[in-house]
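These notes are about the structure you will find just below.
The values are calculated or read from the model by the stated rules, or taken from the named source; none is laboratory data. Every value quoted in this text rests on a predicted model; they were computed, and no experiment measured them. Don't worry about glycine lacking a Cβ; one is built from the backbone with ideal geometry, like all the others, and counts go over all protein chains shown.
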């Protein structure tokens, strides 16, 4: 007996448009509430502990009175995913005579149903024209005269997925003749397609008569979709196309094959010609959302929902991998029907952060009957000041990277990596069904390509107190509340700053603090963030890295959106792999991938770096000789010589687990560092990372491979600075064990009290 | 997707049949099942149980859905659901409620063994379950 779960269980959801706000500043909140719930209550709460595990301290929050606290009338707000280019209506786009519309395309789901390529089409009026993919996966011209007559003329030859094509359709106004054209363009490197396959270089052309002429419509020109309807001042787009699109052109005459190819490289005498590479400058894509028309008609447009730019085009030869060096070969944009850069809801209320509100982790708590959601945000200290000796550096980039991840339901083999079947909670079920809320950087788009952008402007159901990841442990945002709670229990006054603040303000931000403490998994780092931490350490800063797999992926911010990040996955331990030639970030022009592969292994900065991951069970550390040396023993004051460190905890029953870092001089771990303790007893699910070995070889599991361990490390830096690293994501999950009286808590407290003091650090 | 995909998938299935016969089938015993019931997660598994778990966790039977747990009360109650695959695909929820996640994970282990469709394996599982 079984029944279907047909819809997600969350009836109220919200978001705010950035994670960080200062006293006196405002923060907008957006709420969608199911109509049957009527009204909802909004309250501001300070979040303290969010892990509901029955073995731990349980949920802790404190309500804060503010002007926005109160009841609000609920309303449902819609989210429309799918990226496209929109060019506003313009008289030049109304084609009363003959015309040709053409583009180069690399379709990734040609069989999914009708998709717009270049359209000036109104679904409501059934009027206009459009070069589309039809229901059979063939190129087609669609014409509608607005009086109910529609013609759709297809090539009859289905396109092959991930093959480049020159596609075109012409309409001869004098004869009513329609010509539809498609030509496979298989280069040596431009696709995962053999030049010897039977369809390579296949040219198809069909000609038909029609008595339907394109009727006038005020709908905009849309690329990678078509205009469905208007909602207020917004165009709602349907018919989303998956795949790459390059060099679309619109001409006021009928073209033959030579005429089509002539316009690919030299778009003269055209109605509209859009070259997406025009925005590529020496430091990346200059205006990420801008699409420019070179025809002289001023038909400039904009991308919506963040399609991927700096993508290889039909003419990519495989010789050049840096798109800023060869913009001409990177003229494609890759569109996805599930892209989302902003949910674009209407604002429900605006919080003005009260002056004097203590820096910390806060949320709006939304409640309607038994339904609930939390929208977290960070209150920073007033600009240019510190209000504590210690800063917690909230790894908001890493929260964004994992935001709304679907690994538990989409990754078919994930139970191998976590040593059990996934465990889904309400948020997991909701985001499984409600795909319109967008993806994480761990997901694949509907066409199988990796997701490389993530933004804060949407409900982020994994960035929630009470949420436990489908892998079976709290993770990222909620895991870091273990640490926030411990600060409070131990009486540490702490300011909170975010990744974005560090990126913007650099070392000046950190230098206000005697000690800076990370979260459990600060994995996604920009170059300016690394520079700031290194400069802090070189000038006497004291840094506690209480996590695992930190400072790993090269991350960039969208110059047009400070809360949208990009990565390109390659040559690391990764859920997907970027296509050849697409390893460089569109936002910044720099090489993506691992910082290690750019000469900046985390070992050089924090003494340890990623060695293994495995999400089944965690283990403990054993003390090493350096923990008894004069310069290292202070860390273990109050801890017995033979005690196992952290053979307990809320994250897999141990302090060493989930993802581990090791001390490795070969990658730059400082030679003077104290190697205080190492973990042992890991399973064969805890596997050495793939970037760590060259050729294939057995014995990569923690049950056989001695490299697979978390190392606890302390070292000093110039001017009385220091670093303490735990090398394990699970560390902070052990802090609350036995009413916070345990050796993980003791060690962390010994170090933080010393780091935050004016006392010199032991050498 | 190239038209060669079906051939590649079939070749893989035939190799997997060989792996099952040679490596996996001998591990399916009452003792292995009892060992999993006592310790469904983590360290200390016998080599045979490890081989069997890794085989079952890679969804070896074409067309069979994956198993997931739904948590119906935080940290207290779970049900098993079958996931047919695909984004937003409805999950088929089964009725039995478990108050121990270990018991639920073991129930999935038994269900995967039954899904192999081998009468002799099913007989071993039924005997062990009773």
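Among what's in the range A:686-699 and is within 14 Å of chain B (Cβ to nearest Cβ) and modelled with pLDDT of 95 or more, pick the residue that is nearest to residue A:652 (Cα to Cα).
My answer is A:686.
Which residues, taken from the range A:277-319, are within 26 Å of the chain's Cα centre (by Cα), surrounded by fewer than 16 Cβ atoms within 10 Å (Cβ to Cβ) and part of a loop (DSSP other than H, G, I, E, B)?
A:282, A:283, A:286, A:287
Return the residues of the range A:444-454 that are surrounded by fewer than 22 Cβ atoms within 10 Å (Cβ to Cβ) and in contact with a strand residue (DSSP E or B) (Cβ under 8 Å, 6 or more places away or on another chain); say none if nothing qualifies.
Across the range A:444-454, the qualifying residues are A:444, A:447, A:449.
Quick one: in the range A:636-677, which of the residues that are out of contact with any helix residue (DSSP H, G or I) (no Cβ under 7 Å at 6 or more places or on another chain), within 26 Å of residue A:604 (Cα to Cα) and surrounded by fewer than 21 Cβ atoms within 10 Å (Cβ to Cβ) is farthest from the other protein chains (Cβ to nearest Cβ)?
Among residues in the range A:636-677 that are out of contact with any helix residue (DSSP H, G or I) (no Cβ under 7 Å at 6 or more places or on another chain), within 26 Å of residue A:604 (Cα to Cα) and surrounded by fewer than 21 Cβ atoms within 10 Å (Cβ to Cβ), the one farthest from the other protein chains (Cβ to nearest Cβ) is A:672.
So which strands (runs of 3 or more DSSP E) stay within the range A:19-136 end to end and still have 3 or more residues that are at pLDDT 95 or above, crowded, with 22+ Cβ neighbours inside 10 Å and more than 28 Å from the chain's Cα centre (by Cα)?
Answer list for the range A:19-136: A:99-107, A:115-122, A:127-133.
Output the number of residues of the range A:521-541 satisfying the condition of being outside any helix (DSSP H, G or I) and either more than 12 Å from residue A:725 (Cβ to Cβ) or out of contact with any strand residue (DSSP E or B) (no Cβ under 9 Å at 6 or more places or on another chain) (or both). Even if it seems obvious, please write down each step before you answer.
At the first step, the residues of the range A:521-541 found to be outside any helix (DSSP H, G or I) are A:521-526, A:539-541.
Now narrow it down to the ones that are either more than 12 Å from residue A:725 (Cβ to Cβ) or out of contact with any strand residue (DSSP E or B) (no Cβ under 9 Å at 6 or more places or on another chain) (or both): A:521, A:523-526, A:539-541.
Count: 8.
Looking for something within 30 Å of residue A:336 (Cβ to Cβ), within 14 Å of chain B (Cβ to nearest Cβ) and out of contact with any helix residue (DSSP H, G or I) (no Cβ under 6 Å at 6 or more places or on another chain) - is there at least one such residue anywhere in the range A:363-380?
no
For the range A:671-708, what are the residues that are part of a strand (DSSP E or B) and either under 22 Å from residue B:54 (Cβ atoms) or free of Cβ contacts under 8 Å to residues at least 60 places away in the same chain (or both)? Working first, answer last.
The initial filter retains those residues of the range A:671-708 that are part of a strand (DSSP E or B), namely A:674-680, A:687-688, A:701.
Correct list: A:674, A:675, A:676, A:677, A:678, A:687, A:688, A:701.
Evaluate the range A:48-58: report whether one residue or more is over 30 Å from residue A:563 (Cβ atoms), in contact with a strand residue (DSSP E or B) (Cβ under 6 Å, 6 or more places away or on another chain) and within 14 Å of chain B (Cβ to nearest Cβ).
Yes, some residue in the range A:48-58 is over 30 Å from residue A:563 (Cβ atoms), in contact with a strand residue (DSSP E or B) (Cβ under 6 Å, 6 or more places away or on another chain) and within 14 Å of chain B (Cβ to nearest Cβ).
Scanning for something at the interface with chain A (Cβ under 8 Å from one of its Cβ atoms), in contact (Cβ under 8 Å) with a residue 12 or more places away in the chain and assigned to a helix (DSSP H, G or I), does the range B:108-120 turn up at least one residue? Let's see the steps before the verdict.
So in the range B:108-120, the residues at the interface with chain A (Cβ under 8 Å from one of its Cβ atoms) come out as B:108.
Applying the additional criterion that residues be in contact (Cβ under 8 Å) with a residue 12 or more places away in the chain yields B:108.
Next, from what is left, pick out any that are assigned to a helix (DSSP H, G or I): B:108.
Yes, that holds for at least one residue.
Taking only the range A:428-460 into account, find how many residues are under 20 Å from residue A:344 (Cβ atoms), in a helix (DSSP H, G or I) and within 9 Å of another protein chain (Cβ to nearest Cβ).
1
Is there a residue being within 30 Å of residue A:55 (Cβ to Cβ) and over 32 Å from the mean Cα position of the chain (by Cα) anywhere in the range A:683-694?
No, the range A:683-694 contains no residue that is within 30 Å of residue A:55 (Cβ to Cβ) and over 32 Å from the mean Cα position of the chain (by Cα).
Given the condition touching a residue at least 24 places away in the same chain (Cβ under 8 Å), closer than 30 Å to residue A:416 by Cβ and not in a loop (DSSP other than H, G, I, E, B), answer yes or no: does some residue in the range A:588-595 qualify?
Step one: filter the range A:588-595 for residues touching a residue at least 24 places away in the same chain (Cβ under 8 Å), giving A:588-595.
Narrowing further to those that are closer than 30 Å to residue A:416 by Cβ: A:592-595.
Of the ones still in play, those that are also not in a loop (DSSP other than H, G, I, E, B) are A:594.
Yes, the range A:588-595 has at least one match.
Within the range B:64-78, identify whether any single residue is more than 7 Å from chain A (Cβ to nearest Cβ) and within 16 Å of the chain's Cα centre (by Cα), and answer yes or no.
Checked against the condition, which is being more than 7 Å from chain A (Cβ to nearest Cβ) and within 16 Å of the chain's Cα centre (by Cα), the range B:64-78 yields at least one hit.
Mind listing just one residue for me: the one in the range A:727-742 that is out of contact with any helix residue (DSSP H, G or I) (no Cβ under 8 Å at 6 or more places or on another chain) and in contact (Cβ under 8 Å) with a residue 40 or more places away in the chain and, of those, surrounded by the most Cβ atoms within 10 Å (Cβ to Cβ)? First the steps, then the outcome.
Quick first cut of the range A:727-742, residues out of contact with any helix residue (DSSP H, G or I) (no Cβ under 8 Å at 6 or more places or on another chain) only: A:727-728, A:730, A:738-739, A:741.
After this cut, where a residue has to be in contact (Cβ under 8 Å) with a residue 40 or more places away in the chain as well, the list is A:727-728, A:730, A:738.
Values: A:727: 32, A:728: 36, A:730: 33, A:738: 10.
Ranking the qualifying residues of the range A:727-742, first place goes to A:728.
Checking residue B:40 against (1) facing another protein chain (nearest Cβ under 10 Å); (2) free of Cβ contacts under 8 Å to residues at least 60 places away in the same chain; (3) surrounded by 13 or more Cβ atoms within 10 Å (Cβ to Cβ), which test does it fail?
Against the list (1) facing another protein chain (nearest Cβ under 10 Å); (2) free of Cβ contacts under 8 Å to residues at least 60 places away in the same chain; (3) surrounded by 13 or more Cβ atoms within 10 Å (Cβ to Cβ), residue B:40 comes up short only on (2).
Assuming residue B:32 fulfils every condition listed in (1) surrounded by 18 or more Cβ atoms within 10 Å (Cβ to Cβ); (2) more than 10 Å from chain A (Cβ to nearest Cβ); (3) touching a strand residue (DSSP E or B) at 6+ places or on another chain (Cβ under 9 Å); (4) more than 14 Å from residue A:423 (Cα to Cα) apart from one, which condition is it?
(3)
Limited to the range A:382-427, what total is found for residues that are more than 12 Å from chain B (Cβ to nearest Cβ) and surrounded by 20 or more Cβ atoms within 10 Å (Cβ to Cβ)?
Of the residues in that region, 17 qualify.
Identify all residues within the range B:84-100 that are within 7 Å of chain A (Cβ to nearest Cβ) and either touching a helix residue (DSSP H, G or I) at 6+ places or on another chain (Cβ under 6 Å) or not in a strand (DSSP E or B) (or both); write none if there are none. Steps first, please.
Going through the range B:84-100, the residues within 7 Å of chain A (Cβ to nearest Cβ) turn out to be B:85, B:87-88, B:90-95.
Matches in the range B:84-100: B:85, B:87, B:88, B:90, B:91.
Does residue A:492 count as assigned to a loop (DSSP other than H, G, I, E, B), more than 20 Å from the chain's Cα centre (by Cα), more than 14 Å from every other protein chain (Cβ to nearest Cβ) and touching a residue at least 12 places away in the same chain (Cβ under 8 Å)?
So residue A:492 passes the test.
Assuming residue B:103 fulfils every condition listed in (1) in a helix (DSSP H, G or I); (2) within 13 Å of another protein chain (Cβ to nearest Cβ); (3) modelled with pLDDT under 95 apart from one, which condition is it?
(3)
Restricting attention to the range A:216-239, does a residue exist that is within 14 Å of chain B (Cβ to nearest Cβ), in contact (Cβ under 8 Å) with a residue 24 or more places away in the chain and surrounded by 24 or more Cβ atoms within 10 Å (Cβ to Cβ)? Spell out the reasoning first.
To start, the set of residues in the range A:216-239 that are within 14 Å of chain B (Cβ to nearest Cβ) comprises none.
Looking through the range A:216-239, none of the residues is within 14 Å of chain B (Cβ to nearest Cβ), in contact (Cβ under 8 Å) with a residue 24 or more places away in the chain and surrounded by 24 or more Cβ atoms within 10 Å (Cβ to Cβ).
Against the definition (part of a loop (DSSP other than H, G, I, E, B) and within 25 Å of the chain's Cα centre (by Cα)), how does residue A:473 come out, yes or no? Outline the logic, then answer.
Working: part of a loop (DSSP other than H, G, I, E, B): yes; within 25 Å of the chain's Cα centre (by Cα): yes.
It is true that residue A:473 is part of a loop (DSSP other than H, G, I, E, B) and within 25 Å of the chain's Cα centre (by Cα).
In the range B:52-63, what count of residues is obtained for those that are more than 10 Å from every other protein chain (Cβ to nearest Cβ), under 13 Å from residue A:412 (Cα atoms) and surrounded by 15 or more Cβ atoms within 10 Å (Cβ to Cβ)?
Residues that pass the stated criteria total 1.
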